[in-house]
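Every read-out reported here was derived from the displayed coordinates using simple, explicitly stated rules and does not represent laboratory data. Worth saying up front: this structure is predicted, and the values here are computed from it rather than measured. Neighbour counts run over all protein chains shown; Cβ positions are idealised from the backbone, glycine included.
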Amino acid sequence: MRRVGLFLVVALMFGAAAVRDGFDRWVATTELPLLVHEISTEVRDRDGDLLRAYTVEDGRWRLAVSLDQVDPRFLEMLIAYEDKRFYRHAGVDPIAMIRAVGQAIWNGRVISGGSTLTMQVARLLEDSGTGRLRGKLRQIRVALKLEREVSKDRILSIYLRIAPYGGNLEGIRAASLAYMGKEPYRLTPAEAALLVALPQAPESRRPDRRPDAAHIARDRVLMRMVKDRVIDRDTALAAVRDPSPRGRLPFPKVAPHLSDRARSAEPSLVQHGLTIDGAMQRALEDLAARVLAGRDPTESIALMVADHQTGEVLASVGSGGYSSEAGRPGFVDMTTAVRSPGSTLKPLVYGLAFDRGLVHPETLISDTPVQFGRYAPQNFDGQFRGELRVSEALQLSLNVPVVRLVDAMGPAHLMAALRATGADPDLPGGQPGLAVALGGVGMTLRDLMAVYTTLARGGDVIPLRWRHSQSTATGKALMGRAAAWQVGHVLAGIRPPAAAGPKGRVAFKTGTSYGHRDAWAIGWDGRYVVGVWMGRPDGTPVPGAFGGSLAAPVMFETFDRVRVRAEPLPPPPPEALLLANAALPPPLRAFRGAANLRNGGPRLELQFPPDGAQLLADAGGVPLRLRHGQAPYTVLANGAVLASGLRGDRFVIPLTELGFSDISVIDSAGKSDSVLIELR
């Protein structure tokens, strides 16, 4: 008998081991479903806040989420309500299952489910049903395998990402944004309770369709949390008095054009970080919509703001509204549309002329009828003003003087300068002509922002960037800081529109393209560059549209919205030549360069040093060699006069400062040449 007993004990032990081994094989051979799902692409601003999100391929909102992005109280409520032994079981909670079966037998119906959070994840991953025994066994099997393969936190994160919340909402972030309009990291007790309750019956408790049912389910969770000591009674009583959502909010769609551009440029990324200031962007989108309200629906607007100290684009508004309602072309991003820039390139022309010693703001220049071959430029009003100061010619935006300067410099030189700023000018016909200075070239608002950012930075080029990942490296100087400051000083003297009012000095320029097709206003203060375009995307005229009356007031209002206080323009650099006309070197008192060139005289040539030369610094200075000039000569370095009254074709200038220097030579006839050298 003793032997029989021993045999039975051994048999039971071997049987239990066989069952255990079989169970282990059953779990180990389980094929897990994919744990990774497609998630919505997100575009975020400079602070990490959501600007825009896109649905996944099947039209669902499924946003990435991690445990640290969720309110800890919500997690505590979720585990207490759904699976209080979540961190202790191995995927299946036998106690909960026995309780659920017992309650079902006693009451004749299902009172509570025995599914753990891990089993719910298993069901959601395979989209399996809950009522059939076969489906339940499959959930148990997958849950057990999940617990062996991944951590508890990973399982919980999957639940937070794919739990159903009604309609096309999946995951807590999508639900929190749609129902509460906020990220889920700071939920109220009432909001947390609602988000715990919804996945149990996402369609029958949808706040946008079944608000009363959602409200009741929320309060039931709150009372349960009191019982489980997750929250106290006073907190629960205060929470049940909070209103629950009765609808669904739209997902953010801020900076939609730039978001589309980011997504198209790098479609493989699921998170795009932009330099955009979200609050500023929203304010300017509201401004754009208000400006267009009541205007012809075929008109549009574009606004941009950049920080010229860093090159970061802080706001980019491509239209007055991202829709085609009422026939408005809102989907067209007018910040990237190629248009005629009108007179907005004139400041660059004058800056280049200042830098190369062709003129000074106090130089006299002729505004009289002139013919360049078959081209005879006219001023906008058809009148001529005779001889006047260069600063006045720029402030009045006269056409004839600026064409004279381009003729002296060469239009190809202007095109090269445009490209050096980072702009990509579109030149019909390929060869630049004198009309480039008056808008005879295609430019985008982004291009013009690059030009004006260079001027605002004292002539230093910096690439405009709208992605955090873009390089912040600066380029070489386009012009000396004295020349750039002179341009800004002249433009700051332009009287703002009456509607704008005195709200801090702004250096700005307006422009109107031929036929009133485009109205521009672009300017800068001590920190920001602001650009405004208004017109029709199809290029048809807007009768009566002028940059000064239409776009400039919007530009000044933009400045008022983006800055906390007026950012002062910089003081003049030490090398700036602050002299009246009579005190200028003789070649700078009156501009005659273009006339001399047309009379057939040879152009002054600075033969040595060559452009781009790298020279060793010498205490004696830098030697110069000239050809085809008329003495006496004036030499400038970075806009400052180094020597004047020089004669002969060879001499040494007192330049010993290391680094890059822009050297200009002007002869007695007003002809000039310049080179950029580096002293080492």
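Taking only the C-alpha atoms of the chain, the Rg (one decimal) and the largest Cα-Cα distance, Dmax (whole number), read 36.1, 134 Å. Can you list, bin by bin at 10 Å, the percent of alpha carbon pairs in the range 63-240, starting at 0? The calculated distribution, bin by bin, is 10, 37, 39, 14, 1. Using only side-chain charges placed at the Cβ, +1 for Lys and Arg and -1 for Asp and Glu, the dipole size of the range 217-365 relative to its Cα centre rounds to 800 debye.
For the residue pairs Lys84/Lys145; Lys346/Lys476; Lys145/Lys182; Lys136/Lys227; Lys346/Lys671, the alpha carbons lie more than 24 Å apart in Lys145/Lys182; Lys136/Lys227. The length gained on full extension between Arg154 and His413, counted as 0.36 nm times the residue separation minus their Cα-Cα distance, comes to 87.2 nm. Calculate the FRET efficiency for Thr336 and Val56 from the Cβ-Cβ distance with a Förster distance of 30 Å, rounded to the nearest 0.05. After rounding, the FRET efficiency stands at 0.65. Hey, rough spin-label estimate for Glu126 and Ser66, points 7 angstrom out along Cα→Cβ, what's it come to in nanometres? Those two pseudo-labels are separated by 3.1 nm. Residue order for Ile462, Ile95, Ile677, fewest other beta carbons within 10 angstrom first, comes to Ile95, Ile677, Ile462.
Restricting the calculation to Cα atoms, the range 601-679 shows an Rg/Rh of 0.93 when the hydrodynamic-style radius is the Kirkwood one.
Taking 13 Å as the straight-line reach from the Cα of Lys152, the aspartates and glutamates in range (excluding those fewer than 8 positions away in the same chain) are Asp83. Computed extension gain for Leu658 through Ala580, at 0.36 nm per residue and net of the alpha carbon distance, reaches 25.0 nm.
Give me the dipole magnitude in Debye, nearest 20, for the range 111-239 about the Cα centre, with unit charges on the beta carbon: positive for Lys and Arg, negative for Asp and Glu. List each step's numbers first, then the result.
Working: 24 positive and 15 negative charges, 97 e Å.
The calculated dipole for the range 111-239 is roughly 460 debye.
The label-point distance for Asp47 and Leu35, in a model that sets each label 7 Å from Cα toward Cβ, rounds to 3.5 nm.
Here each label is just a point 7 Å from Cα along the line to Cβ, and for Ser264 and Phe651 those points are 5.7 nm apart. Between Ala213 and Arg25, the C-beta separation translates, for a Förster distance of 45 Å, into a calculated FRET efficiency of about 0.50. Counting 0.36 nm for each residue step from Lys84 to Lys182 and taking away their Cα separation leaves a gain of 32.6 nm.
Can you check what the net charge comes to around Ala393, using other residues whose Cβ is under 11 Å from the Cβ of Ala393 (Lys, Arg +1; Asp, Glu -1)? Its environment carries a net charge of +1.
The dipole here belongs to the chain: it is taken about the Cα centre, uses +1 on the Cβ of Lys and Arg and -1 on the Cβ of Asp and Glu, and is about 2240 debye.
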